[in-house]
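The values are calculated or read from the model by the stated rules, or taken from the named source; none is laboratory data. In this text, all values refer to a predicted model and were calculated from it rather than measured experimentally. Don't worry about glycine lacking a Cβ; one is built from the backbone with ideal geometry, like all the others, and counts go over all protein chains shown.
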Amino acid sequence: MSEWLPDDEVTLLIRKYAFQNALEYDGKGQTGSVQGRVLGENPELREHARFLFNIIEPVVLEANKIWADKGAEEVRRILENEAPEALEKRVKERREGLPELPNAKKGEVVLRFAPNPNGPLTLGHSRGVIINSEYANIYSGKIILRFDDTDTKIKRPDLKAYDWIQDDFKWLAGRKPDTVIEASARMDEYLRFAEKFISEGHMYVCTCSGEDFKQFRIDKQDCPCRNNDSTENVEKWIKMNDSDGGYSEGEAVVRVCTNMEHKNPALRDWPALRIQTTPHPKVGEKYRVWPLLDFQSAVEDYLQGVTHIIRGKDLMDSTRKQQLLYEMTGWTYPETLYWGRVKVHEFGGFSTSQMKNDIEEGKYSDWDDPRLPTAKAMRRRGISADAMKRFWVELSLTEKDISIPLATLQSHNAKVIDKDSPRLSFIQEPVKLTLTKEDVKIPEILEIPRHPLHEEFGFRKWQLEVEKEFEVYIEKDDYEFAMSNNGLLRLKDFADVQIYSSQNGKITSLTKSDGRAIIHWLAAGMEHPFALNKPDKNGEWGVVNGLLENNDYPLGQILQLERIGFARLESSEMIWTHS
């Protein structure tokens, strides 16, 4: 196959993204970023990826030079003439963000993030941390981390999760919460308010069976318990809390007096407290009666002076239930905003309980398994907290349900981590070549920039064998490609080579002589065996063994592997981040 050349349409596409990138990054556009956008708009160009980088690079340099010589306005003018839609996209992105909070006063805003500590935070939870903490920052307000841990039976708290969540919160928000509350430690407050509301006639103890009350709700009829006076309800309340001779689990619940003819069945005398005899991991068997989330949350929001609640639109019924309780008691309900559901294609329908079961069964290694949508897994893969923030702030508070690819988050992450990610070579399925030098004089030490845009990062220094035949490693795919293209390749940052079928070849020129494909490589003696844990084209994760360039980077360092993508360095392998 001969060298591929772009047609006019592809040429314009490259120019559009090269100039857009230069404008976005103040004259420091990057070829890799532009290539990603080009391939994103026209995936059919992937088959020409070997040539594409070579074609894009001079256009990126041209755009950066124009920005440096003539300023951003000249780059903007060129975009206006050639690709105005790219400029519109940039303007639109800059306008997106978080809307103003209604009735918010600077210094007085109080928000809360209230997870159930039955596992670590997920990608979905990260939205609550970031949006609430961002608003707290904007309004010089306060953010509360509240553990809603009053369900001892269905979503049983995990003692380790309390620390996990606080660690995840600090990573995502960039700071600790202003206040940390454990609902299980506040049980006396909830029970005190429950008894108060029962004695005032706002709530009653219902001993009807679940099936009977369900029918009352359908028929819009009061259950007989609703007519009990407050004295009888208080007596039943005492009996609910009595472990000796009291009600058993399921025999009595406390309900909020609303209206059994309410249009929304969920609001008809909704349950506020129930008996749970399963011991709590923190407070054991101290309490028999536990609040359901809608009651516990309503009381705690009042006690903490929460001014704004930001939650999923699937919790609108919770808002209405709590508002009815607040109206009865004369409290002022917080301003409430909603967001729609965001589904990330690659993760589907993971739940914390299902992930816990899968980990226990050995399907996943732990909560930070890179295949999982947990904050721990995102962090281990090399997704930055800044990228998570950009991702959620860009989506803002739209109530529309949306489904997006993980690539959207990865695009934000690439912009964040690229500037600090040194380059290294990793050769998958290595093929060893023996090259002769002929009349080409090669340097004893080849200096390759650790980062193409940051001279201060220094150089990777490869010791080359100059007195004898020169041995290098390239990938099997590149070797086979060369064999079908006259054996012509260029070793990136080094030399043009001619390869023969017997895994031999020669160096023909140190300077770039034509448009042949450019590949990454490793000089023999500069490598060590290593593994890359990454997904294949079908999304299935597995370990790819290969040769990694010698380096002294610390564990946890995020690298950009030449022509492969970003990865995070661990002791036994690298964990794939994204391309």
Would you call VAL543 part of a strand (DSSP E or B), aliphatic (A, V, I, L, M) and either surrounded by fewer than 19 Cβ atoms within 10 Å (Cβ to Cβ) or not assigned by TED's automatic domain parsing to the domain that holds SER579 (or both)?
yes
Within region 139-157, residues more than 22 Å from the chain's Cα centre (by Cα) and either of a type in the set (A, V, I, L, M, F, W, C) or crowded, with 18+ Cβ neighbours inside 10 Å (or both) come out as TYR139, GLY141, LYS142, ASP148, ASP149, THR150, ASP151, THR152, ILE154, PRO157
Residue check: is ILE359 over 21 Å from SER579 (Cβ atoms), surrounded by fewer than 20 Cβ atoms within 10 Å (Cβ to Cβ) and in contact (Cβ under 8 Å) with a residue 60 or more places away in the chain?
no
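A quick yes/no check of all residues on (1) within 25 Å of GLU346 (Cβ to Cβ); (2) touching a Leu at 6+ places or on another chain (Cβ under 9 Å); (3) at pLDDT 95 or above:
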position: PRO535; (1), (2), (3): yes, no, no
position: LEU547; (1), (2), (3): no, yes, yes
position: LEU559; (1), (2), (3): yes, yes, yes
position: SER572; (1), (2), (3): yes, no, no
Conditions: (1) at pLDDT below 90; (2) surrounded by 13 or more Cβ atoms within 10 Å (Cβ to Cβ); (3) not aromatic (Phe, Trp, Tyr). LEU488 meets all but one. Number of the miss?
(1)
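Conditions tested, residue by residue: (1) within 14 Å of PHE113 (Cα to Cα); (2) surrounded by fewer than 16 Cβ atoms within 10 Å (Cβ to Cβ); (3) in contact with a His (Cβ under 7 Å, 6 or more places away or on another chain); (4) small (Gly, Ala, Ser).
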residue	(1), (2), (3), (4)
VAL306	yes, no, no, no
ILE310	yes, no, no, no
GLU335	no, yes, yes, no
HIS345	no, yes, no, no
As an exercise: evaluate LEU145 against (1) in contact with a Phe, Trp or Tyr (Cβ under 6 Å, 6 or more places away or on another chain); (2) part of a helix (DSSP H, G or I) and give the number of the one condition it does not meet.
(2)
Which residue pairs have Cβ atoms under 8 Å apart, sit 6 or more places apart or on different chains, and have a first residue in region 19-31 that is modelled with pLDDT under 85 and a second that is among the basic types (Lys, Arg)?
GLU24/ARG90
Scanning region 527-551 for residues that are among the acidic types (Asp, Glu) and touching an Asp or Glu at 6+ places or on another chain (Cβ under 8 Å), the one nearest to GLY565 (Cα to Cα) turns out to be GLU549
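Okay, residues lined up against (1) at pLDDT below 90; (2) in contact with a helix residue (DSSP H, G or I) (Cβ under 9 Å, 6 or more places away or on another chain):
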| residue | (1), (2) |
| --- | --- |
| PRO422 | no, yes |
| GLU429 | no, yes |
| LEU435 | no, no |
| ILE442 | yes, no |
| PRO449 | no, yes |
Could you list all residues from region 287-332 that are hydroxyl-bearing (Ser, Thr, Tyr) and over 28 Å from the mean Cα position of the chain (by Cα)?
TYR287, TYR302, TYR326, THR329, THR332
I want to confirm something. Restricting to region 523-540 and keeping residues that are part of a strand (DSSP E or B) and surrounded by fewer than 15 Cβ atoms within 10 Å (Cβ to Cβ), which single residue is nearest to the chain's Cα centre (by Cα)?
PRO535
Scan region 213-226 and tell me whether some residue there is in contact with a Gly (Cβ under 9 Å, 6 or more places away or on another chain), closer than 18 Å to MET328 by Cβ and outside any loop (DSSP other than H, G, I, E, B).
no
Condition (residue is in a loop (DSSP other than H, G, I, E, B), modelled with pLDDT of 95 or more and either more than 25 Å from the chain's Cα centre (by Cα) or not charged (D, E, K, R) (or both)) applied to region 162-172: is it met by at least one residue?
no
Under 8 Å between Cβ atoms, which residue pairs at least 6 apart in sequence (or on different chains) link something in region 467-492 that is touching a residue at least 60 places away in the same chain (Cβ under 8 Å) with a partner that is assigned to a helix (DSSP H, G or I)?
PHE481/ARG50
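Results for (1) small (Gly, Ala, Ser); (2) buried (at least 17 other Cβ atoms within 10 Å of the Cβ), shown as yes or no for each residue.
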{"position": "ARG341", "(1), (2)": "no, no"}
{"position": "GLY349", "(1), (2)": "yes, no"}
{"position": "THR352", "(1), (2)": "no, yes"}
{"position": "ASP368", "(1), (2)": "no, yes"}
{"position": "MET388", "(1), (2)": "no, yes"}
{"position": "GLU394", "(1), (2)": "no, no"}
{"position": "THR398", "(1), (2)": "no, no"}
Is there any pair linking a residue in region 61-90 that is without any contact (Cβ under 8 Å) to a residue 12 or more places away in the chain to one that is of a type in the set (S, T, N, Q) and surrounded by 13 or more Cβ atoms within 10 Å (Cβ to Cβ), with Cβ under 9 Å and at least six apart or on different chains, and which?
LEU61/THR31
Selection count where residues are within 30 Å of ASP386 (Cα to Cα) and without any contact (Cβ under 8 Å) to a residue 40 or more places away in the chain, scope region 168-200:
3
